[in-house]
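**Student:** Sending over a structure as structure tokens; questions will come in a sec.
Rule-based calculations on the coordinates, nothing more; no lab input. Only a predicted model underlies this, so the values are computations on that prediction, with no experimental measurement involved. Neighbour counts run over all protein chains shown; Cβ positions are idealised from the backbone, glycine included.
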Amino acid sequence: MLGTILGTKLLPLVVYRIQKPVYTFASYPTHFWITPILLAIGAVLIATVGATGYVLIRDLREKPTQLLRPKAPKPGQRIWLERITPLWRRLSFHQKVTYRNLFRYKARMILTILGIAGCTGLMVAGFGLKTSIGEVADRQFKQLTHYQAIVTLKIPNSTAQTKTILTQTEKIRSYLSVTMSQVKFKQKGITDQAATVYAVADQAKLAQYVALQTPREQQRLTLPKHGAIIAANLAKTYAVQKGDWLTLQTAQGQRARIQVAGISENYLGNSVYLRQSALSKTLQQPVAANAYLVRTAKMTTKQEKQLATRLQQTTEVAATTFISDQGAKQATASANLDPIVFIFIGLSAVLAFVVLFNLTSINVSERERELATIKVLGFFDKEVTAYIVRENVIFTVIGIVLGFGIGKLLTWFIITMASSEQVAFPLIIPASGYLIAAGMTVLFSLIVMGMTHRKLKGIDMIGALKENE
């Protein structure tokens, strides 16, 4: 009940306030949505009542006399490491005991490793989401897009004044004339997808302005004589491959079919690249350049505004769009998601601590008689603690390594589900994310081990050995 109230009434308000600088909300309505609430309750009941029921069914099958007797400890057994004689001989007595105990309590071993792996994976996924979401703008506007501005003309080929300004402006390095148009792709049963078509006459120069490369192999693509190179989002939405055909509709309502000659990496929006001759053949009419892709040196916001104003004062330019504005908007949107990701990481960290603490406490409680016995046999407090700690260290290391894989898989699943027809998120988990997640898990393990040491020092040896009687 408390989780339902907090999840419905508290966390949405946090998200609303985080998004407030970007979006305008008249109010913050929160409603109890029955479907996810029932799913959450079902999951909790399966985890708690299901586990309890399993244990009860198993124990209640025993005879009363068996239940009244003290449960015999699990017998030790030979493990596969003993078959490797040269290695086994080099292990110390304590190491041999540790490895035997690991396989002696298999259920506890599996539970502990999965618990640690799950928590580590959640933290890795949190850092992965933060980086993947924030990397969209850099990938799109720094690695794939090499031009800094788009100058759109009012009338195609009306370029005398515009060319003069672009040529004489010191900060401008080069420019490329293109035919740019907005189209919609149509297919029965699929929502229409908007895209921007870029058609160039000099395809050799396009590589200086746009990096056309395959999504995974990142192999360079060149514009073919026929067909077009489309964005990966479009290919995914319409489930098309190289050689397939798509139907597009221009802003004037004209429909045409275009062949997919290649699929390029793309993260924001949908872009289509082809030669002007190919576009003219597709539309069955001549096309003319109506925009410029402009490469500039680094410019301040003031310098960009001055250039836009100069171009706007001509009778030729309809608009000047700077890539820096789009990048800044995307960066702001990504930054607003950071607190949500930090909440995700924080809750994962708390869960990791709780799991480690509970599993270690259960481990000590169930083995209190065993630990009291080795204390009676002469083990010092530190040796008794090491008896448990060595097992936890191995569980933690295995859990962390397994958690890395779980975290990567979880990050991939989330960004795949979060991607849309207009936005695709790259799968990027920084090395620092792995290191911090592992470091936090190790830190919690150390804290739990310290608490365990204090608990073990307080074991009443006589009481533990007599408790069954």
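**Student:** Got a sec? Charge dipole of the chain, +1 on Cβ for Lys and Arg, -1 for Asp and Glu; which of L223, Q143, S27 is way out at the positive end?
**Tutor:** It is L223.
**Student:** Would you work out the relative contact order for the chain, in percent, from Cα pairs under 8 angstrom that are 6 or more residues apart?
**Tutor:** On the way: 637 pairs, mean separation 119.1, N = 469.
After rounding, I find 25 percent.
**Student:** If each Cα of the chain is one equal point scatterer, what is log10 of I(q)/I(0) from the Debye formula at q = 0.08, 0.09, 0.11 Å⁻¹?
**Tutor:** -0.71, -0.81, -1.01
**Student:** Can you tally the net charge around Y238? Count Lys and Arg as +1, Asp and Glu as -1, for every other residue whose Cβ sits under 14 Å from the Cβ of Y238. Before the final figure, lay out each step's value.
**Tutor:** Details: positive: K184, K186, K188, K236, K242, R257; negative: D192, D244, E421.
Net charge around Y238: +3.
**Student:** Which value at 222 nm does the chain reach when only helices count, each DSSP H run of 4 or more adding -39,500 (n - 2.57), with the total divided by all residues and rounded to the nearest 500 deg cm²/dmol? Intermediate results must be reported in sequence, preceding the final value.
**Tutor:** Details: 16 runs with 255 residues, N = 469.
Here the helix-only value at 222 nm equals -18000 deg cm²/dmol.
**Student:** Same structure, new question: For the range 172-296, give the magnitude of the charge dipole about the Cα centre (Cβ charges: +1 Lys/Arg, -1 Asp/Glu; no others), in debye to the nearest 20.
**Tutor:** Computed about the Cα centre, the dipole is about 140 debye.
**Student:** Something else about it: At 7 Å along Cα-to-Cβ for each site, give me the label-to-label distance between A107 and E217 in nm.
**Tutor:** If labels sit at A107 and E217, their model points lie 5.2 nm apart.
**Student:** Have a look at G253, Q303, V287 and report the one farthest towards the positive end of the charge dipole of the range 222-362, computed about the Cα centre with Cβ charges (Lys/Arg +1, Asp/Glu -1).
**Tutor:** Final value for the positive-end residue is V287.
**Student:** Additional query: Would you kindly state how much longer the chain becomes between L67 and Q208 on full extension, computed as 0.36 nm times their sequence separation minus their alpha carbon distance, in nm to one decimal? Display every interim value, and only then the final one.
**Tutor:** On the way: separation 141, 0.36 × 141 = 50.76 nm, distance 7.90 nm.
Extending this stretch completely gives an extra 42.9 nm.
**Student:** With r defined as the distance between the Cβ atoms of Q312 and I447 and R0 fixed at 51 Å, what FRET efficiency is calculated, to the nearest 0.05? Walk me through the numbers before you get to the answer.
**Tutor:** Details: r = 62 Å, r/R0 = 1.22.
About 0.25, to the nearest 0.05.
**Student:** Okay, moving on. Tell me which residues come under 5 Å, amide H to amide H, from Y209 once H is placed; ignore anything under 5 positions away on its chain.
**Tutor:** Under 5 Å from the amide H of Y209: no residue qualifies.
**Student:** With labels modelled as points extended 7 Å from the Cα through the Cβ direction, what inter-label distance (nm, one decimal) is found for Q95 paired with I155?
**Tutor:** Each label point lies 7 Å from its Cα, and together they span 8.7 nm.
**Student:** State to the nearest 20 debye the size of the charge dipole of the chain about its Cα centre, where the only charges are +1 on K and R beta carbons and -1 on D and E beta carbons.
**Tutor:** Using Cβ point charges on Lys, Arg, Asp and Glu, the chain gives about 700 debye.
**Student:** Near S174, within a Cβ-to-Cβ distance under 9 Å, what is the net charge of the other residues, with Lys and Arg +1 and Asp and Glu -1? Working shown, then result.
**Tutor:** On the way: positive: R173, K205, R295; negative: none.
It works out to a net charge of +3.
**Student:** Now for a separate question. Across 5 Å bins from the origin, how do the percents of Cα pairs in the range 172-296 run, short distances first?
**Tutor:** Pair shares across the bins are 2, 11, 22, 26, 21, 12, 4, 1, 0, 0.
**Student:** With unit charges on the beta carbon (Lys/Arg positive, Asp/Glu negative), name the residue among I398, S181, L446 whose Cα is farthest towards the positive pole of the charge dipole of the chain.
**Tutor:** Farthest along the dipole direction, towards plus: I398.
**Student:** Please report Rg (one decimal) and Dmax (integer) in Å for the Cα set of the range 84-198.
**Tutor:** 31.1, 88
**Student:** Sticking with this structure for a sec: When you have a sec, figure out the Kirkwood radius of the range 131-181 from all distinct Cα pair distances and drop it here in Å to one decimal? Working shown, then result.
**Tutor:** On the way: mean 1/r = 0.0751 Å⁻¹.
Hydrodynamic radius (Kirkwood, Cα pairs) of the range 131-181 is 13.3 Å.
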